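Visitor: The structure under discussion is supplied below as structure tokens; questions concerning it will follow.
The values are calculated or read from the model by the stated rules, or taken from the named source; none is laboratory data. Quick caveat: nothing in here was measured; it's all calculated off a predicted structure. No Cβ is skipped: glycine too gets one built from the backbone with ideal geometry, and neighbour counts run over all protein chains shown. Heavy atoms of the whole protein, side chains included, go into the accessibility calculation; ligands, DNA and RNA do not. Shrake-Rupley method; radii C 1.70, N 1.55, O 1.52, S 1.80 Å.
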Amino acid sequence: MEVKLHDIGEGMTEGEILTYFVKVGDQVLPDQPLVEVQTDKMTAELPSPTAGTVKEILVTEGTNVEVGTTLLIIESSGTKPVQQKIENTPMNRNIMTIKKVDRENGPKRLILAAPYTRKIARELGIDIEDIHGTGPAGRVTDEDVYRYVNQPEPVEENKNDIQPTIAEVEEIPFNGRRKQIASLMSKSLYTIPHVTHFEEVDMTNLLDSKKQLNEAGVNISVAAFFIKAVQLSLAKYPIFNSVLDEEKGVIKLKKEYNIGIAVDAKEGLIVPVIRHVEQKTLSVIHAEMKDYIDKAQNNTLTKHDISDGTFTISNVGPLGGIGATPIINYPQTALIAFHKTKKKPVVVNDEIVIRSIMNLSMSFDHRVADGATAVGFTNYFVQLLEQPTRMLLELR
């Protein structure tokens, strides 16, 4: 029986093989963990579909493979090995075809690449045959195309030049979640025409309200107010709670408000999702957010925890920084980031006063929305934060 990499995450197309828990010759039971796989969003274990003996391991640890790739073979109890099936798989036929073409030095090579990858290459004016594929069986990946575009022009070496001394460097692995993040960010940036809108928020009244709640024994984080204000703003400007389907030529407006919160975890950035924010109070949002952050830090988030987001926020204020141009969490339409809050002198009613001012950055897909709509969204969002009692009036 062939054990293949199946889809263990929403929209997953590939994963990295981290660790095998078995070796050739081991006896396994049904549902026994066989291998640990890292996707762009999570780490998961693939269980054995049957009882039997591990006959062959086909993919080495540290390799990125596509969904559907056979990882290992198990001889089920009472059955014959199915090793000969592997020799006739589409992947192996492609490998043999590539080797044959190379030996004959033909003018064309058979290039393994997904249709979407070929589309990217065509739009960038690149001959995909010029790209060295790093995927399984030499498959050209999206990341290979982007890397080819960004590679520096070759510089001719002057043999008379004195070669500089090579300094020692430290290398860290570029794999796992970090590599998957890089792939997703590249896809988002090269697919979506990003526009970033900046705005200031006077946080003074909201911070005063939070202080009053704390004194009454109610602990609500500022981020919980952000999440609720975002949901209310999305209800007023639903275009930012949407997904563009280019193939069907439609923009899908989502009716639920599932807000993702970007968390800087040890393994890399991850985005758990608070579902149906429109149905939840500030205290419930605060509790769920804290729980998700703890899970992210402990790497215990499940597929359900990180799926179905419709909009993402990034609260980098506690870390510092006054601005950024955040990359949208593809395939969503927009993302908003909150930056450091600082006390500043500002003019209120023709008088200079000290207020707590925060900057925000909103990146949006210019194919789906225009700048005027983004300004309207942020203006309404700012009004809710600057007048917290108004936010209470809008709660449903």
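Visitor: Out of everything in the stretch 33-51 that is of a type in the set (Asp, Glu) and in contact (Cβ under 8 Å) with a residue 24 or more places away in the chain, what residue ends up being least open to solvent (accessible area, probe 1.4 Å)? I'd like the intermediate steps shown before the answer.
Guide: Quick first cut of the stretch 33-51, residues of a type in the set (Asp, Glu) only: 36, 40, 45.
Still in the running and in contact (Cβ under 8 Å) with a residue 24 or more places away in the chain: 40, 45.
On the way: Asp40: 33, Glu45: 103 Å².
Within the stretch 33-51, the match that is least open to solvent (accessible area, probe 1.4 Å) is Asp40.
Visitor: Of the numbered conditions (1) touching a helix residue (DSSP H, G or I) at 6+ places or on another chain (Cβ under 7 Å); (2) among the small types (Gly, Ala, Ser); (3) at pLDDT below 95, Ala324 satisfies every one except a single condition; which is it?
Guide: (1)
Visitor: Here are some residues: Lys255, Lys210. Which one is assigned to a loop (DSSP other than H, G, I, E, B) and either charged (D, E, K, R) or open to solvent by 10 Å² or more (accessible area, probe 1.4 Å) (or both)?
Guide: Numbers: Lys210 fails: assigned to a loop (DSSP other than H, G, I, E, B).
So the residue among Lys255, Lys210 that is assigned to a loop (DSSP other than H, G, I, E, B) and either charged (D, E, K, R) or open to solvent by 10 Å² or more (accessible area, probe 1.4 Å) (or both) is Lys255.
Visitor: State all residues of the stretch 57-75 that are surrounded by fewer than 15 Cβ atoms within 10 Å (Cβ to Cβ) and over 26 Å from Lys187 (Cα atoms); if no residue qualifies, say none.
Guide: The one that is surrounded by fewer than 15 Cβ atoms within 10 Å (Cβ to Cβ) and over 26 Å from Lys187 (Cα atoms): Thr60.
Visitor: Taking the condition more than 19 Å from Asp308 (Cα to Cα), part of a loop (DSSP other than H, G, I, E, B) and either open to solvent by 50 Å² or more (accessible area, probe 1.4 Å) or touching a Lys or Arg at 6+ places or on another chain (Cβ under 8 Å) (or both), does Val54 pass? Explain how you work it out, then say what you get.
Guide: Values: more than 19 Å from Asp308 (Cα to Cα): yes; part of a loop (DSSP other than H, G, I, E, B): no; either open to solvent by 50 Å² or more (accessible area, probe 1.4 Å) or touching a Lys or Arg at 6+ places or on another chain (Cβ under 8 Å) (or both): yes.
For Val54, the condition - more than 19 Å from Asp308 (Cα to Cα), part of a loop (DSSP other than H, G, I, E, B) and either open to solvent by 50 Å² or more (accessible area, probe 1.4 Å) or touching a Lys or Arg at 6+ places or on another chain (Cβ under 8 Å) (or both) - is not met.
Visitor: Report whether or not Val277 is farther than 28 Å from Phe174 by Cβ and open to solvent by 30 Å² or more (accessible area, probe 1.4 Å). Full working, then the answer.
Guide: On the way: farther than 28 Å from Phe174 by Cβ: yes; open to solvent by 30 Å² or more (accessible area, probe 1.4 Å): no.
So Val277 fails the test.
Visitor: Right, next: State yes or no: is Met42 hydrophobic (A, V, I, L, M, F, W, C), over 29 Å from Asn150 (Cα atoms) and modelled with pLDDT under 85?
Guide: Working: hydrophobic (A, V, I, L, M, F, W, C): yes; over 29 Å from Asn150 (Cα atoms): no; modelled with pLDDT under 85: yes.
Against the criterion (hydrophobic (A, V, I, L, M, F, W, C), over 29 Å from Asn150 (Cα atoms) and modelled with pLDDT under 85), Met42 does not qualify.
Visitor: Working carefully through the options Ala296, Ala374, Ala369, Ala334, find the one that is crowded, with 17+ Cβ neighbours inside 10 Å, in contact with a strand residue (DSSP E or B) (Cβ under 8 Å, 6 or more places away or on another chain) and without any contact (Cβ under 8 Å) to a residue 40 or more places away in the chain.
Guide: Working: Ala374 fails: without any contact (Cβ under 8 Å) to a residue 40 or more places away in the chain; Ala369 fails: without any contact (Cβ under 8 Å) to a residue 40 or more places away in the chain; Ala334 fails: without any contact (Cβ under 8 Å) to a residue 40 or more places away in the chain.
Within the list Ala296, Ala374, Ala369, Ala334, the selection yields Ala296.
Visitor: Among (1) loosely packed, with under 13 Cβ neighbours inside 10 Å; (2) at pLDDT below 95, where does Lys303 come up short?
Guide: Failed condition: (1).
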